[in-house]
Every structure is written in C-alpha cells, then in structure tokens.
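Q: For reference, the structure I am asking about is given below.
The values are calculated or read from the model by the stated rules, or taken from the named source; none is laboratory data. Treat the numbers as computed from the prediction; the structure is a model and nothing was measured. Methodologically, a virtual Cβ is constructed for each residue, glycine included, from the backbone with ideal geometry; neighbour enumeration extends over all protein chains shown. Accessible surface areas use protein heavy atoms only, side chains included; no ligands, DNA or RNA. Shrake-Rupley method; radii C 1.70, N 1.55, O 1.52, S 1.80 Å.
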Amino acid sequence: MSRIAGATHAGPLTRATLFAARRKTAQMTEQHTEQMIEPLEVFAHAPRILLGYGALELAFEKSTLLERRIKELAVLKAATMVECEYCIDIGSAIARGSGLSDEQLLALAHHRDSGSFDEREMLVLDYAAAVSRTPIAVEEELFASLREHFDDAQLVELTSAIALENFRARFNGALDIGSAGFSEGRVCALPQSAAANGHPLRAVSSS
C-alpha cells in the first residue's frame, strides 16, 4: 500500500482529470484494474501539481518525433534501472502494445547479449541505462553513436522520455506505490538488480 492514500476529496477539475486518466490508461493497457491510476490519485492531494504533470504527460504523448516503439523501449529500460514496480508493470503492458515480444521484455536487462534488438534499439537502451544511473554516465562515444541515428529534436524527445520516466519512478518509489496488476499472469520486464542476480523470470505481482 502506498505511504499516502489517494485523495478522497477533490474538486470538479481534479475529478475530471482523474476520470480522463483512468479512461486513457485503460485504452493504453487494454485493462482496467483497481489501482490503475494510483500515482495520479496521490498527486490529487496537490491539484495544481496534478494538472501541471498531466499537461506534461499530454505534451509528451502528442510529440511524435520518435516512433512509439523506440520511446517505449527507452521508458521501460529506465523503469527497470530505477526499479519502480508500478512503472515496470504498466510499462510492460504498454510495450507489448507497441510490438515488443515476451522474449524482448525479458531481454531488457541484458540487451547487449540477447540478440533481440537491432543496433539502433541497443543504443537507445544503452542511453536509457546511462541517463538513469546516479550519477548520470553518458559517454561521448555513446552520444556520438546516437547522433548517427537521431537528429537534435529526436534526441531531445528521447532524453525527455527517459527523464520523465525517472521522475515517475522516483515519485512512485519514494511513496511506495507498487504494481497495479497490468502484467499479472503475463511476462513482465524485471528490475535490473533482480535480473542481474538470476531472479526467476516472472510477472511482477500486484500484491
């Protein structure tokens, strides 16, 4: 259970925002779960921050400089690095919708050795991992390689995708917001440390 329960009293604008978010989340994941928008329900304690965050998410969604698959790869890799259960859970469901196979979801933790990704995708995963480390560790050689595949605007969108996921993941992690059951009973990406330690492949539990 989250350290802060979702807001129970909200004004009309906040209620409308949460309703729209629930509908959008169900559309993206093709599922409806009890805790599907728990992070936003917690944000609702601070309505102005909720609305600002919602505007940022909407702007990010409407920006299409990169294809969806590349963005979802970067976001999910970042989620596994920061080890946000909610983000890995929902991110795996959304990534499946963008065409990632079960094999690719499980290969994220060792993408360089998996043979599951092409060169461009591996660079994106390398970049997501580098940006999500503390401290950030983006080498010039990596960035130069990215420039061979992406222009400046695309690199801004890619970096924004990874940074936004780090914001989500750290907010959820600090408040102990766990998985919501989007990937229950299905293959799900693993947190980086669990995969590195030989953790059995399984879906993240919603309990």
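Q: Would you compute, from DSSP H runs of 4+ residues alone, the mean residue ellipticity of the chain at 222 nm, taking -39500 (n - 2.57) per run and dividing by the full residue count, rounded to the nearest 500?
A: Details: 11 runs with 128 residues, N = 207.
Helix contribution divided over all residues of the chain: -19000 deg cm²/dmol.
Q: Could you order Ile136, Ile90, Ile4, Ile162 by accessible surface area, starting with the largest, using a probe radius of 1.4 Å?
A: Numbers: Ile136 115, Ile90 25, Ile4 70, Ile162 0 Å².
Sorted by accessible area, descending: Ile136, Ile4, Ile90, Ile162.
Q: Something else about it: Figure the gain on full extension for His9 and Ala153 (residue separation times 0.36 nm, minus the Cα-Cα span) and round it to one decimal in nm. Could you put the intermediate results ahead of the total?
A: Working: separation 144, 0.36 × 144 = 51.84 nm, distance 4.06 nm.
Computed gain between His9 and Ala153 is 47.8 nm.
Q: I would also like to ask the following. Just to confirm a number: summing +1 for Lys and Arg and -1 for Asp and Glu over residues other than Thr134 whose beta-carbon lies under 14 angstrom from that of Thr134, what do you get? Can you show the working numbers first?
A: Values: positive: Arg133, Arg170; negative: Glu83.
Surrounding charge for Thr134 is +1.
Q: As a test question: what accessible area, to the nearest 10 Å², does Val82 have when a 1.4 Å probe is rolled over all protein chains in place?
A: 30 Å²
Q: Taking the alpha carbon gyration tensor of region 31-130, what are the square roots of 5 times its eigenvalues, largest first, to the nearest whole Å? The partial results should precede the final answer.
A: Details: eigenvalues 143, 47, 31 Å².
Equivalent ellipsoid semi-axes, largest first: 27, 15, 12 Å.
Q: So, for region 1-150, what is the accessible surface per residue at a probe of 1.4 Å, expressed in square angstrom? Walk me through the intermediate numbers first.
A: Details: 8030 Å² over 150 residues.
Solvent-accessible surface per residue comes out at 54 Å².
Q: Relative to the longest principal Cα axis of the chain, at what angle does helix 152-174 sit, 0 to 90 degrees, rounded to 10?
A: So the inclination is approximately 50 degrees.
Q: For helix 68-82, what angle does its Cα long axis make with the longest principal axis of the chain, in degrees from 0 to 90 and rounded to 10?
A: Long axis of 68-82 versus the principal axis of the chain: about 80 degrees.
Q: Using the crude model of +1 on Lys and Arg Cβ and -1 on Asp and Glu Cβ, and no other charge, please compute the dipole size for region 1-111 relative to its Cα centre, in debye to 20. Show your work: numbers first, answer last.
A: On the way: 12 positive and 13 negative charges, 96 e Å.
Dipole size: approximately 460 debye.
Q: Let me ask something else about it. Rounding to the nearest 20 debye, state how big the charge dipole of the chain is about its Cα centre with +1 on each Lys and Arg Cβ and -1 on each Asp and Glu Cβ. Provide the component values of the computation, followed by the final result.
A: Details: 20 positive and 28 negative charges, 171 e Å.
So the dipole magnitude of the chain works out to roughly 820 debye.
Q: Taking all protein chains in place and a 1.4 Å probe, what share, in percent, of the accessible surface of the chain do carbon and sulfur account for?
A: Heavy-atom surface of the chain belonging to carbon and sulfur, 1.4 Å probe: 55 percent.
Q: Which of these values of mean projected area of the Cα convex hull in nm² was calculated from the structure shown: [x] 13.4; [y] 11.4; [z] 19.2?
A: Computed from the coordinates, mean projected area of the Cα convex hull in nm² corresponds to [y].
Q: I'd like to know which of Ile88, Ala153, Phe117 lies farthest towards the positive end of the charge dipole of region 73-207, counting +1 on Cβ of Lys and Arg and -1 on Cβ of Asp and Glu.
A: Ile88
Q: May I pose another question? If the cut-off is 12 Å between C-alpha atoms, which aspartates and glutamates fall inside it for Lys62, apart from same-chain ones fewer than 8 positions away?
A: Qualifying aspartates and glutamates at Cα under 12 Å: Glu157.
Q: Would you rank Val187, Val156 by solvent-accessible area, highest first, keeping every protein chain in place and using a 1.4 Å probe? Please list the in-between numbers first.
A: Values: Val187 40, Val156 95 Å².
Ranked list, largest accessible area first: Val156, Val187.
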